[in-house]
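In what follows, a structure is listed as structure tokens, so that the remarks can point back to it.
What follows draws every value from the coordinates through simple rules; no lab data is involved. These numbers come from a predicted model, not from an experiment. So basically every Cβ, Gly included, is an ideal-geometry build from the backbone, and we count neighbours across all protein chains shown.
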There are 2 protein chains.
Amino acid sequence: MLSKKTRYALRALTYLGENYGKGPVLISDISREKKIPLKFLENILNELKKADVLESKKGKGGGYFLKASPKKISLAKVIRIVNGPIALVPCVSLNFYEKCEDCDEKHCGIRQMMTITRDATLKILEKKTLADVIFASA
Amino acid sequence: MLSKKTRYALRALTYLGENYGKGPVLISDISREKKIPLKFLENILNELKKADVLESKKGKGGGYFLKASPKKISLAKVIRIVNGPIALVPCVSLNFYEKCEDCDEKHCGIRQMMTITRDATLKILEKKTLADVIFASA
DNA sequence: TTAATATCCTACTAATTTAGTAGGGAAAAT
DNA sequence: ATTTTCCCTACTAAATTAGTAGGATATTAA
């Protein structure tokens, strides 16, 4: 399951996607509109900024905004930044790989099933973007 | 990600699958062969028994064994028992549904994407069984 | 140059979940 | 009756999650 933090991130990004091209949006606006605890949201948006998904401006007229079009930001990307691996086991993760002890990876049946599962999941999450989320909610 | 407990469960069940039809297997054997902490494994196998996946026999000649053929036990079933929901968000879970607050489910774009993702994941995990795991590792 | 606005940064905390461990109880076989 | 083996309750340590607190820093504008 995705953490609450990740769900907050997705909701915030959706809001920023809806306001794409309209200039910076205040954290406090997102917090109010999407009912996300303000200070927690600060951390989340900052994390997304460091991961190059968002840009920000300080001072009056400032706020956060998407660095690229909502069409360019996949759900997989967001989930990886905020939630971590998408695969069900680390030894199958593309971005967070960890070797599993006591297991010959070439002949591990569990690993093979988890690889197939990962591919099926990624096929969706890599393709679907914030734009799809926004379009679907219209 | 699956918990360590769930990965232990899958490994133990695979072992029991390999010994299907050969009578009860000792916890201590599984623990040794699959390198799973014995007392922890006890809890896991008991949970699987309560969920009707395993049967057990006490006393000499006793142990655990699969209640049905490895072909009949899907990975989805095991994961749900030990790990919980397979869906990425509760409002999309078939077996562990929870309403999400502040969200009009009919018009939530995130929810729709998560539904598609769940379906893709389940298509694999409902179909693949312990038998597939065993066959793949041969 | 000062005040106001808004993000940025570090650190802390409470609650929950995970990953076990401990110790005996109960049933079955011999 | 003794041994074997699973069964059950409860406890604990460590990690993760979900925040909160408080000020530092950058920008704008009077």
Does any residue of the stretch B:50-58 turn out to be farther than 24 Å from A:T121 by Cβ, of a type in the set (S, T, Y) and more than 10 Å from DNA strand C (Cβ to nearest atom)?
no
Matching residues, the stretch A:35-66, being surrounded by 17 or more Cβ atoms within 10 Å (Cβ to Cβ) and either more than 9 Å from DNA strand D (Cβ to nearest atom) or among the basic types (K, R) (or both)
A:I44, A:L45, A:L48, A:V53, A:L54, A:G63, A:Y64, A:F65, A:L66
Being facing chain B (nearest Cβ under 10 Å), in a loop (DSSP other than H, G, I, E, B) and either buried (at least 20 other Cβ atoms within 10 Å of the Cβ) or free of Cβ contacts under 8 Å to residues at least 60 places away in the same chain (or both): is that true of A:A87 here?
yes
Can you name the number of the only condition in (1) more than 19 Å from B:T129 (Cα to Cα); (2) in contact with a Leu (Cβ under 7 Å, 6 or more places away or on another chain); (3) aliphatic (A, V, I, L, M); (4) within 7 Å of chain B (Cβ to nearest Cβ) that A:A76 fails?
(4)
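Each row is one residue, and each column tells you yes or no for (1) part of a loop (DSSP other than H, G, I, E, B); (2) touching a Leu at 6+ places or on another chain (Cβ under 7 Å).
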| position | (1), (2) |
| --- | --- |
| A:L2 | yes, yes |
| A:R11 | no, no |
| A:G23 | yes, no |
| A:I36 | yes, no |
| A:F40 | no, no |
| A:L45 | no, yes |
Can you find a residue in the stretch A:93-115 that is in a strand (DSSP E or B) and away from DNA strand C (no atom under 15 Å from the Cβ)?
no
